[in-house]
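The values are calculated or read from the model by the stated rules, or taken from the named source; none is laboratory data. What you see is a predicted model; the values in this text were computed from it and never measured. Don't worry about glycine lacking a Cβ; one is built from the backbone with ideal geometry, like all the others, and counts go over all protein chains shown. Side chains included, ligands, DNA and RNA excluded: accessible areas come from the protein's heavy atoms. Shrake-Rupley method; radii C 1.70, N 1.55, O 1.52, S 1.80 Å.
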Amino acid sequence: MITINTHYLKLRASYLFSDIAKRVAAFQDAHPETKVIKLGIGDVTRALPPSVVSAFHAAVDEMSADATFRGYGPEQGYPFLREAIAAVDFQSRGADVSPEEIFVSDGAKCDTGNIQEIFSTHTRIAIPDPVYPVYLDTNVMAGRTGGFANGRFEGICYLESTPANGFIPDLPDTPVDLIYLCFPNNPTGATIDRGQLARWVDYARDQKAIILFDAAYEAFIRDDSLPHSIYEIPGAREVAIEFRSLSKTAGFTGTRCAYTVVPKSLMAYDGDGSAHPVWNLWSRRQSTKFNGVSYPVQRAAAAAFTPEGQKEVRTLADGYLNNAAIIRREMTDLGYTCVGGENSPYIWIDGKKDSWAFFDELLSNAGVVCTPGAGFGACGEGFIRISAFNSLENVTSAMQRIREALTA
Ligand code: MLT
């Protein structure tokens with residue numbers, strides 16, 4: 001008799017964003033006359049930048065002639081892309097990352113979800129609350145937690161991000177081995193400064209722990225004092241893996257391209273305490289289970305790192321940041337306390353009421369989709385997240401509708 005991985009039974013029935021999509025679809029069926037505006041899932045709406053599109057077309061043309069056709073590519077990604085990433089995203093900021101340490105992939109969701117596989121089942125995990133659900137759910141699937149009770153999984157060290165700590169979690173008060181951090185943060189939009197991040201790096205070095213640093217939103221940082229990469233912090237090469245994505249920066253949510261940095265100097269230990277390079281494990285895992293991102297997509301991604309592409313990508317992010325500023329200003333004006341929306345495309349709003357009730361209120365009375373904070377964890381209760389990923393026209397109209405609904 002075939003039996004299942006019973007850890008899956010501990011999970012909530014559906015993934016947060018699938019759950020929201022079902023509720024929105026049900027509302028739309030019942031109210032076909034309402035033009036629903038989606039400021040829920042962080043899915044970009046603006047087209048791919050022109051230099052990305054022309055590189056994409058040119059690569060498709062190469063694939064259409066035998067002389068220039070390409071089959072399987074290098075498992076870690078083409079050198080032309082990894083070299084561009086290392087130079088533009090890291091070396092230009094004084095962060096010591098080489099092209100060999102970059103693994104190109106089809107998404108930061110996949111990479112942040114898959115990375116836990118290379119660590120022991122007994123790994124003690126620290127996860128922020130609220131959190132991007134992928135970090136938590138993939139560890140539940142892997143059997144690193146107990147059951148779900150009182151809004152929490154047993155066996156996880158939750159790093160609370162609340163108004164009391166300015167949404168920057170304190171260091172754990174119990175020993176942990178693997179720490180998930182995301183800055184600029186999803187969902188709160190909070191940012192971390194160099195001193196605060198250095199405390200985490202020092203902690204990980206003391207504990208022989210590893211930090212999984214999700215920097216998918218770094219392109220929205222406009223404050224020059226904030227770090228874009230954990231490798232800008234001394235000592236981070238010995239304790240951190242960093243995840244980046246072109247999804248939100250260059251409009252690749254549908255095109256798919258991301259990358260993970262695993263420094264050659266990063267070690268993890270076996271039961272006898274012998275050190276092993278994590279790079280070898282991730283390389284082994286990826287070359288066994290992943291066959292790379294398509295050649296045209298890698299060419300398109302590389303175009304985002306050219307000087308022209310960089311300008312276009314910045315303009316895209318500036319557009320979303322302008323939306324974020326409008327959302328934050330409007331919600332503040334309506335009397336709500338907001339975090340994020342500066343150096344971040346997400347605005348985290350203290351709704352002062354049940355977050356699913358606030359979600360339903362905005363959907364029913366304004367036809368606007370947000371994300372209920374409770375979906376990101378117990379500390380998200382009472383909050384909603386509004387995403388700036390939409391057109392200026394839709395954001396302006398959504399805020400007008402929200403104002404009318406909340407002041408009626
Ligand atoms: C979000 O809305 O939190 C993100 O879009 C989810 C993702 O990137 O997978």
Small (Gly, Ala, Ser), open to solvent by less than 30 Å² (accessible area, probe 1.4 Å) and in a helix (DSSP H, G or I): does that describe Ala357? no
A careful count of residues in the range 173-194 that are more than 16 Å from the ligand (Cβ to nearest atom) and open to solvent by less than 20 Å² (accessible area, probe 1.4 Å) gives 4
Please tell me if Thr3 is farther than 25 Å from Thr253 by Cβ, out of contact with any helix residue (DSSP H, G or I) (no Cβ under 9 Å at 6 or more places or on another chain) and at pLDDT 95 or above. yes
Considering residues of the range 121-151 that are among the aromatic types (Phe, Trp, Tyr) and not in a helix (DSSP H, G or I) only, the residue least open to solvent (accessible area, probe 1.4 Å): Tyr132
Right, Arg237: surrounded by fewer than 23 Cβ atoms within 10 Å (Cβ to Cβ), touching a Phe, Trp or Tyr at 6+ places or on another chain (Cβ under 7 Å) and closer than 22 Å to Trp279 by Cβ or not? yes
Residue that is farthest from the ligand (Cβ to nearest atom), among those in the range 369-379 that are part of a helix (DSSP H, G or I) and over 17 Å from the mean Cα position of the chain (by Cα): Ala378
Can you tell me which residue among Met1, Met63 is away from the ligand (no atom under 16 Å from the Cβ), open to solvent by 40 Å² or more (accessible area, probe 1.4 Å), aliphatic (A, V, I, L, M) and in contact with a Phe, Trp or Tyr (Cβ under 6 Å, 6 or more places away or on another chain)? Met63
Where Gly71 falls short, out of the listed (1) surrounded by fewer than 14 Cβ atoms within 10 Å (Cβ to Cβ); (2) in a helix (DSSP H, G or I); (3) over 24 Å from the mean Cα position of the chain (by Cα): (2)
The range 174-193, residues that are in contact with a strand residue (DSSP E or B) (Cβ under 6 Å, 6 or more places away or on another chain), over 20 Å from Ile386 (Cα atoms) and in a loop (DSSP other than H, G, I, E, B): Thr174, Val176
Is it the case that the range 239-248 has a residue that's within 16 Å of the ligand (Cβ to nearest atom), of a type in the set (Lys, Arg) and either outside any helix (DSSP H, G or I) or closer than 20 Å to Thr112 by Cα (or both)? yes
Yes/no for Arg46 being within 16 Å of the ligand (Cβ to nearest atom) and closer than 30 Å to Ala149 by Cα: no
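Conditions tested, residue by residue: (1) within 30 Å of Asp137 (Cβ to Cβ); (2) free of Cβ contacts under 8 Å to residues at least 60 places away in the same chain.
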| residue | (1), (2) |
| --- | --- |
| Ile20 | yes, no |
| Val36 | yes, no |
| Val44 | yes, no |
| Gly77 | yes, no |
| Phe80 | no, no |
| Ser92 | no, yes |
| Gly107 | yes, no |
| Ile115 | yes, no |
| Ile118 | yes, no |
Condition first: within 24 Å of Ala236 (Cβ to Cβ), part of a loop (DSSP other than H, G, I, E, B) and at pLDDT 95 or above. Now tell me which residues in the range 157-173 satisfy that. Ser161, Gly166, Phe167, Ile168, Pro169, Asp170, Leu171, Pro172
